[in-house]
1. Report, by residue number, each residue of segment 67-92 that is outside any loop (DSSP other than H, G, I, E, B) and either out of contact with any strand residue (DSSP E or B) (no Cβ under 7 Å at 6 or more places or on another chain) or charged (D, E, K, R) (or both).
2. Got at least one residue in segment 36-49 being in a helix (DSSP H, G or I) and of a type in the set (A, V, I, L, M, F, W, C)?
3. Among the residues of segment 32-53, how many are surrounded by 14 or more Cβ atoms within 10 Å (Cβ to Cβ) and modelled with pLDDT under 95?
4. (1) under 19 Å from residue 10 (Cβ atoms); (2) of a type outside the set (Phe, Trp, Tyr); (3) touching a residue at least 60 places away in the same chain (Cβ under 8 Å): which one isn't true of residue 54, the others all being true?
Amino acid sequence: MTDVPKTSPVRAAEDFMPTVEAKLNAWVEVQCEGVPALCCVWCDEHGMTKKQVVYVSSDPAEDILSVVRAINKSMKATNLVTEMVISLYESHNHEPVCRAVRY
């Protein structure tokens, strides 16, 4: 996870948005190496689900969860939609999105 650029979570999400434009997606907070990180989970055009960590905090106390909630709310992605995308990812990839996921 050290190759993830250290900008801000909002800027990282904005930079990543074109990748998931017009695709079913949701944002979640995950733990990477003991610190909070911003992760996008989405369905691609081939029906597969993918995930990408776009921001890893350098501060274990950084509030990534409020960023996740603001992004999901702006896209009208409810908790139900987020749960559905996470379930699709786990079903397709036979692994969890991460050990600690919050949204």
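1. 69, 70, 73, 74, 79, 80, 83, 84, 87, 90, 91
2. Checked segment 36-49: no residue is in a helix (DSSP H, G or I) and of a type in the set (A, V, I, L, M, F, W, C).
3. Result for segment 32-53: 2.
4. Exception for residue 54: condition (3).
Here's the yes/no breakdown for (1) charged (D, E, K, R); (2) at pLDDT 95 or above; (3) in contact with a Cys (Cβ under 7 Å, 6 or more places away or on another chain); (4) surrounded by fewer than 18 Cβ atoms within 10 Å (Cβ to Cβ):
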| residue | (1), (2), (3), (4) |
| --- | --- |
| 28 | no, yes, yes, no |
| 58 | no, no, no, yes |
| 68 | no, yes, no, no |
| 72 | no, yes, no, no |
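The values are calculated or read from the model by the stated rules, or taken from the named source; none is laboratory data. None of these values were measured; they are calculated from a predicted model. So basically every Cβ, Gly included, is an ideal-geometry build from the backbone, and we count neighbours across all protein chains shown.
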